[in-house]
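Read the structure below first, then the notes.
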Amino acid sequence: MLFLFAIGHLQAQDYKISFAGTGASATVGTVKVENLTQNKSAILNGSEVLHLVSTSTGVEPLLDVERTIRIYPNPMTDVSQIDFGAIATGLSTIELYDMSGKRIGISQKILPIGTHFFQICGLGSGIFTIKVNSQAYNYTGKLVSNRTAKTDAKISYLGTNSISIEAKRLKSAITEKLMQYNLGDRLKITGKSGNYSTIVMEVPTQDKIISFNFVACSDVDGNNYPVVQIGTQVWMAENLKSTKYNDGTAIPNVSDPSAWAALITPGYCNFNNIASTETIPTFGRLYNWFAINTEKLAPIGWHVPTVEQWETFINYLGGITVAGSKMKETGTNNWAAPNTGAIDEKGFTALPGGGRYQYTAEFKSLGTIAGFWSSTTTAYYEPNKARVCFLYFDSNRIDVGSYYKQNGYSVRCIKD
C-alpha cells in the first residue's frame with residue numbers, strides 16, 4: 001500500500017500542458033518554457049505538448065525530446081502494449097529501464113514504414129522508462145506497473161498495421177517535449193504569435209491547456225514587447241526602447257552632459273550614451289519625465305502608469321516590503337549578486353536599467369537599481385519632481401518616492 005501511494009504521488013507530478021491562443025491571434029507559433037526554480041528552459045512549437053516529468057523517479061528526462069508513442073493500459077497489471085510510427089525503414093531498438101536507470105529489457109528489429117505494436121510483460125511494481133531508437137526517429141515514454149510478482153521482463157513484437165505512410169505525415173503528428181519538473185517549481189511560459197508575445201506564470205498541479213491572450217504592444221520603431229496580466233492590470237514585460245513617439249515623431253536623443261542637466265523639455269538617452277546592442281535590448285532606454293508628460297511615449301493602446309496604478313500593483317503583490325522580490329527577474333545574469341529574494345512571481349521581470357541624474361548627468365546603477373517612472377507629479381510644493389518606483393539588487397523592497405523630472409529612468413507601460 002505504501003508503494004502504491006508513492007506511485008500515485010509520483011504520477012501526480014507528471015503533467016501534460018498544451019497551448020492555445022486568444023485575442024489578437026488564435027495561433028500559437030512558439031512557446032518558451034523557463035523553469036525558474038531549476039534554471040532550465042526549453043522551446044516548443046505551439047502545436048506541441050509540454051510533458052512535465054518528475055525528477056524524483058530517478059530517470060533523467062531530456063529536454064526537447066520528440067515523442068509519438070502510445071502505451072496502454074498504463075498503469076498495467078500483467079501486460080501492456082506500445083505502438084509507434086516508423087517514419088523510415090531500418091533497425092529499431094526498444095529498451096526498457098527501471099527506476100534506477102538500469103536497462104532490464106531490449107528488443108531489436110528491422111521495421112518498415114508504418115505503425116508497429118509491441119507487448120511488454122514480466123514487470124514487477126515500479127515506474128519504467130521505454131525508449132525507442134533508430135537513425136530516423138527517437139521516442140520515449142513512462143510505464144507504471146502495479147504487478148506484485150516479478151519475472152523476467154520481456155518485449156515481444158506483435159506486428160504492424162501495414163499502411164503506406166509518408167514520413168512527413170508522421171512528422172506532422174502532435175509531439176511532446178519532456179521537461180524536468182518537481183512539484184512546486186515555478187514556470188514562466190512565453191507564447192509568441194507573429195508580433196504578439198504573452199507571458200503566463202504557472203506552478204502546475206494537473207494537466208491543462210494554457211491560453212495566451214495575445215495583445216498588440218509595438219512601438220513605432222518596430223519593437224514588439226511581451227505582455228503579462230497581473231491581477232486586473234496588463235503590463236509590458238520589458239523596458240521601453242522606443243526612440244519615437246507613437247505619432248512617429250522623434251524623441252530628442254540628448255547625450256551631452258550639460259544639455260541633459262539643463263533639460264526642461266522631452267529627451268531620452270542610452271545608458272553611457274552607447275548606441276549599440278550592449279544594453280538596449282535588455283535594459284531599454286532612459287527617459288526624462290518631460291517625455292512621459294507628452295502622453296505620446298507609450299505604444300498606441302498603452303500609457304505610462306499613474307502612481308495610483310503602481311500602488312495597486314504593489315498592494316496586489318503584498319506591499320512595499322516584499323513586492324520588489326516578486327517583481328525582479330531571477331538570477332544574476334542581469335541583476336548584480338545577490339539579487340535578494342528575486343522570484344519573478346507574476347512574470348513582470350523587472351530589469352535594472354540604472355539612471356541618469358540631473359545635476360551631473362552621470363550614469364549610475366546599471367545592474368543594481370531599477371527605476372520606473374509614473375506619470376504623476378508631486379504636490380504643488382515640489383513642482384520640479386515626479387513619482388518614481390525603485391527596486392534594488394540587495395533588497396526585497398520597492399520604494400515609491402519623488403525625484404527630479406530631469407532624471408532619466410526606465411519606463412514600463414500599462415494597457416489602457
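The values are calculated or read from the model by the stated rules, or taken from the named source; none is laboratory data. Predicted, not measured: the structure shown is a model, and the values here were computed from it. When we count neighbours, we look across all protein chains shown, and the Cβ atoms used for this are built from the backbone with ideal geometry, even at glycine.
A few points about this structure:
- G347 being in contact (Cβ under 8 Å) with a residue 60 or more places away in the chain, crowded, with 22+ Cβ neighbours inside 10 Å, in the same structural domain as F271 (by TED's automatic domain parsing) and out of contact with any helix residue (DSSP H, G or I) (no Cβ under 7 Å at 6 or more places or on another chain): yes
- Scanning segment 229-247 for residues that are part of a strand (DSSP E or B) and either out of contact with any strand residue (DSSP E or B) (no Cβ under 8 Å at 6 or more places or on another chain) or not assigned by TED's automatic domain parsing to the domain that holds Y316 (or both) yields a total of 1.
- Restricting attention to segment 84-106, the residues that are at pLDDT below 90 and under 15 Å from G159 (Cα atoms) add up to 4.
- D14, sole failed condition from (1) of a type outside the set (F, W, Y); (2) at pLDDT below 90; (3) surrounded by fewer than 14 Cβ atoms within 10 Å (Cβ to Cβ): (3)
- Residue count for segment 24-82, restricted to those that are in contact with a helix residue (DSSP H, G or I) (Cβ under 9 Å, 6 or more places away or on another chain) and at pLDDT 90 or above: 1
- Here the condition is being in the same structural domain as T306 (by TED's automatic domain parsing) and at pLDDT 95 or above; of A361, A370, it holds for A370 alone.
- Which numbered condition T378 misses (of (1) under 26 Å from N315 (Cα atoms); (2) at pLDDT 95 or above): (2)
- The residue of segment 183-224 that is surrounded by the most Cβ atoms within 10 Å (Cβ to Cβ), among those that are among the hydroxyl-bearing types (S, T, Y) and under 14 Å from the mean Cα position of the chain (by Cα), is T198.
- Members of segment 404-416 found to be assigned to a strand (DSSP E or B) and buried (at least 17 other Cβ atoms within 10 Å of the Cβ), listed by number: G408, Y409, S410, I414, K415
- Residue match in segment 329-339 (condition: in a helix (DSSP H, G or I), surrounded by fewer than 16 Cβ atoms within 10 Å (Cβ to Cβ) and not aromatic (F, W, Y)): no
- Of all residues in segment 383-403 being of a type in the set (D, E, K, R) and touching a strand residue (DSSP E or B) at 6+ places or on another chain (Cβ under 6 Å), the one that is surrounded by the most Cβ atoms within 10 Å (Cβ to Cβ): R387
- None of V411, V400 is closer than 25 Å to I280 by Cβ and modelled with pLDDT of 95 or more except V411.
- Residues that are polar (S, T, N, Q), without any contact (Cβ under 8 Å) to a residue 60 or more places away in the chain and closer than 22 Å to F271 by Cα, drawn from segment 350-395: S365, T368
- Positions within segment 315-328 being under 19 Å from I414 (Cβ atoms) and either crowded, with 21+ Cβ neighbours inside 10 Å or under 22 Å from the mean Cα position of the chain (by Cα) (or both), in sequence order: Y316, L317, A323, G324, K326, M327, K328
- Restricting segment 257-274 to residues that are part of a loop (DSSP other than H, G, I, E, B) and touching a residue at least 12 places away in the same chain (Cβ under 8 Å), the residue that is surrounded by the fewest Cβ atoms within 10 Å (Cβ to Cβ) is I264.
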